[in-house]
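Everything on this sheet refers to the single structure shown next.
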Amino acid sequence: MDFVDTFLNMAVIQRVLPMLWLGVGNTLALAFVTLSLGAVAGVLICLIRLYAPWPLRWLAIAYIDLFRAIPILVLLVLIYYALPFFGIRFGSFVAASLALGLAFSSFTAEVFRAGIQAIPRGQIEAAEALGLSFPVIILRVILPQAFRIAIPAHTSNSVAIAKDTSLASIVAMPDLLKQATDAQALAANPSPLIAAALMYLIFLLPAVRLVSYLEHRYRPI
Amino acid sequence: MSASPLPEELAPCPDAIRVTGMNKWFGEFHVLRDIDLTVREGERIVVCGPSGSGKSTLIRCINRLENHQSGQILVNGIELNANLRNIHKVRSEVGMVFQHFNLFPHLTILENCTLAPMWVRKMPRAEAREMAAHFLEKVRIPEQADKYPGQLSGGQQQRVAIARSLCMRPKVMLFDEPTSALDPEMIKEVLDTMIALAEEGMTMICVTHEMGFARQVANRVVFMDEGRIVEQNEPEAFFHSPQNERTRNFLGQILGH
Ligand SMILES: Nc1ncnc2c1ncn2[C@@H]1O[C@H](COP(=O)(O)OP(=O)(O)OP(=O)(O)O)[C@@H](O)[C@H]1O
Ligand SMILES: [Mg+2]
């Protein structure tokens, strides 16, 4: 049938499958680096935003506002195509990790700030009254509770940024989307794109389910 | 580790707490005025007074959850000022029990009790757990050790909060209306725990309107109004022959005659 031959051509998909798997690997690597480094940076920036002396706090606010406001695609293009004019050159993987990580860390910082500020004042007072030092209060009392509160929103942001890894194809990173478009050009047939879309769904549908589950599980009482 | 819950130690100063000429403002609002209060070791003070009179603020100044602007506060001879070392020293020797318990909801009952001994006193985990079990036994909830605070009744939570404080082996205990968030049937179990503590000689300051408790355990009742200590006396005299007009009004309201 014409439709199947054009959009679900198994012979074509079979031929380009190794290319697509390479793309899956790169996309997963990019998502992993962005999510892990971005989350750690986000929590640190959040703590600076809340507790550091004012010059640092203002810097953190500026950072968070800037990278939440700027479109990730614009940021990526700036990093990859504009920074070389200042002699700063990154490979496509690093440029993409940086753009996604800057954005994700600022989302994370905001989500955790809201989580920390939702913790009742009495928790900190009880911890202080026991003589606990500030770092112990942060690590043992505040962050564990903020994590619980922030988990649904943080997971939701994580899924969003995982989807945005496809922006990396703009800077010629061989991620899943880039590999699929290359394969499509090579085979002169759009089936690889359909296959790539299905591969994205295989990873992202469970993630979206997980978000719904966590939103239910950690809903405010 | 000795099994005695209250080690006999010679305090460097015979007064557990000495507050002299203390004033505090919240912005423009003069919340505590010329407070003088001395609490000897082993003494049990009940503080009462109308809502907004500054009772909570006063006891919160004693472990520096609030800072005062003038006058002096000495706790076991240590002056409370901006010196962080002093603040931590005082807080590790002064336990506080809050109206709303403020247990840590993400930690088990046992972990609530071991957190401060392990992190402030650097006590090994096994020893801290042993001590926590001892104090949970004392407040009569040893079987709940592995539950989370949300699984306990209000009265049980408040007793855990008391045990959590006792695990730091405090020299002074501060109570801020520990029973006023509880259902009536749970008030007694918490008061009984506090009475047992008093009988062991713990130095206590309790903000409470439980006048039966005051009669039974207090050495002295302090009445506050509009940021001042208006009157203080032994319970018998305080309840039977209050000197001040405002004390009489207040007692008339809460005792219902
Ligand atoms: N953080 C704060 N900032 C500004 N004003 C405050 C603050 N905390 C308390 N106050 C005010 O100080 C006054 C004394 O408050 P405090 O909580 O000490 O009263 P209280 O005697 O404990 O009253 P209650 O019986 O209602 O607990 C009140 O008028 C209160 O509104
Ligand atoms: Mg109060």
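Quick note: the coordinates plus some simple rules give every number you see, no bench work behind them. It should be emphasised that the depicted structure is a prediction, and the values quoted were computed from it without experimental measurement. Cβ atoms come from the backbone with ideal geometry, glycine included; neighbour counts cover every protein chain shown.
By the count of other C-beta atoms within 10 Å, a proxy for reagent exposure, A:K163, B:K24 are ordered fewest to most as A:K163, B:K24. Computed packing ranks the peptides B:114-127, A:49-62 as B:114-127, A:49-62, most packed first, by mean other Cβ atoms within 10 Å. Relative to the Cα centre, what is the charge dipole magnitude of the range A:59-209, using +1 at the beta carbon of each Lys and Arg, -1 at the beta carbon of each Asp and Glu, and rounding to the nearest 20 debye? In debye, rounded to 20, the range A:59-209 gives about 140.
On C-alpha positions alone, give me the angle between the axis of helix B:184-199 and the longest principal axis of chain B, in degrees, nearest 10. Helix B:184-199 sits at roughly 90 degrees to that axis. For the peptides A:97-103, B:103-109, the ranking by mean Cβ contacts within 10 Å, running from highest to lowest, is A:97-103, B:103-109. Helix B:109-119 versus the longest principal axis of chain B: what angle, 0 to 90°, nearest 10, using Cα atoms? Helix B:109-119 and the main axis of chain B meet at about 80 degrees. Coordinate range of the alpha-carbon atoms in the range B:1-149 per principal axis, descending: 47, 34, 28 Å. For chain B, what percent of Cα pairs sit more than 31 Å apart? That tail contains 24 percent of the Cα-Cα pairs.
Of interest is the spacing of the C-alpha centroids, which for the range A:33-110 and the range B:63-95 amounts to 42 Å.
Cβ crowding within 10 Å ranks A:R121, A:R68 as A:R121, A:R68, fewest other Cβ atoms first.
Between A:A118 and B:N83, what FRET efficiency comes out of the Förster formula 1/(1 + (r/R0)^6) with R0 = 35 Å and r the beta carbon distance, rounded to 0.05? Walk me through the numbers on the way to the answer.
On the way: r = 32 Å, r/R0 = 0.92.
In this case the efficiency is close to 0.60.
Summary of packing: across the peptides B:234-242, B:35-43, A:38-46, the per-residue average of other C-beta atoms within 10 Å ranks them, highest first, as A:38-46, B:35-43, B:234-242.
Among A:D164, A:D65, sorting on how many other beta-carbon atoms sit within 10 Å of each Cβ, with the fewest leading, yields A:D65, A:D164. From its DSSP helices (H runs of at least four residues, each -39,500 (n - 2.57)), chain B gives a residue-normalised ellipticity at 222 nm of -11000 deg cm²/dmol.
Straight Cα distances below 16 angstrom link B:K171 to the lysines B:K89, with same-chain residues fewer than 8 positions distant left out.
Axis of helix B:245-255 versus longest Cα principal axis of chain B: the two differ by about 50°, to the nearest ten degrees.
Inter-chain neighbour count for B:82-93: the average number of beta-carbon atoms from partner chains within 10 Å of each residue's beta-carbon is 2. Amide H contacts of B:D225: B:V230, each under 5 Å away and 5 or more positions distant or on a separate chain (H built 1.01 Å from N in the peptide plane; Pro and chain starts excluded). Counting, for every residue in A:117-129, the Cβ atoms of other protein chains within 10 Å of its Cβ and taking the mean gives 5. Between the range B:220-257 and the range B:130-200, what is the separation of their alpha carbon centroids in Å? So the two Cα centres are separated by 28 Å. Note on A:44-56: average number of Cβ atoms from other chains within 10 Å of each residue's Cβ is 0.
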